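Student: Take a look at the following structure, please.
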Amino acid sequence: MRWRRLGQDQRGTTTVEFAVIAPLFFVLFLSIIEFSLALYWWKSTEKAAQFGARYAIVRDVAAAGVPTSNARTAGGVFGISCRDPSSPCVGFADQVCDGGAGCDLAAFEAITLRMQRIFPVIGPENVRIIYRYAGLGYAGGPAIPAVTVSLHDVSFQLGVLGLIAGLIGDGRALLTLPTISATLTGEDLSSAGV
């Protein structure tokens, strides 16, 4: 008789339901917040790369090996477009600046500082600038490379999602954003007008 009354007693059911549902709700709520923050970091990093590329094309060249003018080939004539089928211009190998040797550190730091205005989390170790021959301009004229600014290894600290990912498997992959790049063609490549 006593057990039958205990089975029919409805007191406390709301508390039990809350105790079961509340943790799931809080994990879902915190996950939405963390996904929003991760998206903000991703988009901020993307915008910083775009801003860095824009700034790099109007600044002094950060990589030491980028020529100031398009060298002409032996049979090339000054003033002919580099895209001419006779190939009047000599290309150059990709020149990379990541803050180490072969970089103009003043130009590299100026570009990095401008990017940090958009997203302060970025450090010099996250920035890589590549100058690539694009075949633009004319023989004997100023070199117009394609300038790529990429951000790599930008870390994002996850809270609840990192804990859950750590329980499921290796959560470290969620902590680093993928490499984000932006490419523009060079303009004046000089800070003289800036």
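The values are calculated or read from the model by the stated rules, or taken from the named source; none is laboratory data. This structure is a prediction, so every number in the text was calculated from the model and none was measured. Using ideal geometry, Cβ is built from the backbone for each residue, glycine included, and neighbour counts are taken over all protein chains shown.
Student: Output the number of residues of the stretch 66-80 satisfying the condition of being within 15 Å of GLY186 (Cα to Cα) and either not in a loop (DSSP other than H, G, I, E, B) or not polar (S, T, N, Q) (or both). Break it down stepwise before answering.
Tutor: Here is the first cut: in the stretch 66-80, the residues within 15 Å of GLY186 (Cα to Cα) are 66-70.
Then keep just the ones that are either not in a loop (DSSP other than H, G, I, E, B) or not polar (S, T, N, Q) (or both); that gives 66-67, 69.
The number of residues fulfilling the criteria is 3.
Student: GLY123 passes all but one of (1) over 30 Å from PHE78 (Cβ atoms); (2) modelled with pLDDT under 90; which number fails?
Tutor: Here GLY123 clears every test but (2).
Student: Condition first: outside any helix (DSSP H, G or I), modelled with pLDDT under 85, more than 27 Å from ALA110 (Cα to Cα) and not polar (S, T, N, Q). Can you find one or more residues in the stretch 11-33 that meet it?
Tutor: yes
Student: I'd like the full set of residues that are over 23 Å from LYS47 (Cα atoms) and within 20 Å of the chain's Cα centre (by Cα), limited to the stretch 96-118.
Tutor: Hits for the stretch 96-118 are GLY100, CYS103.
Student: Just to verify a result, which residue in the stretch 104-115, among those that are in a helix (DSSP H, G or I) and touching a residue at least 24 places away in the same chain (Cβ under 8 Å), is surrounded by the fewest Cβ atoms within 10 Å (Cβ to Cβ)?
Tutor: This residue is ALA106.
Student: Hey, does the stretch 55-71 have a residue that's touching a Pro at 6+ places or on another chain (Cβ under 9 Å), surrounded by fewer than 16 Cβ atoms within 10 Å (Cβ to Cβ) and not charged (D, E, K, R)?
Tutor: Yes, the stretch 55-71 contains a residue that is touching a Pro at 6+ places or on another chain (Cβ under 9 Å), surrounded by fewer than 16 Cβ atoms within 10 Å (Cβ to Cβ) and not charged (D, E, K, R).
Student: Are any of the residues in the stretch 129-142 surrounded by 18 or more Cβ atoms within 10 Å (Cβ to Cβ) and part of a helix (DSSP H, G or I)?
Tutor: No - not one qualifying residue is present in the stretch 129-142.
Student: Another question, then. Just the residues that are in a loop (DSSP other than H, G, I, E, B), more than 26 Å from ALA64 (Cβ to Cβ) and touching a strand residue (DSSP E or B) at 6+ places or on another chain (Cβ under 6 Å), please, taken from the stretch 81-103.
Tutor: Within the stretch 81-103, just ARG83 meets the criteria.
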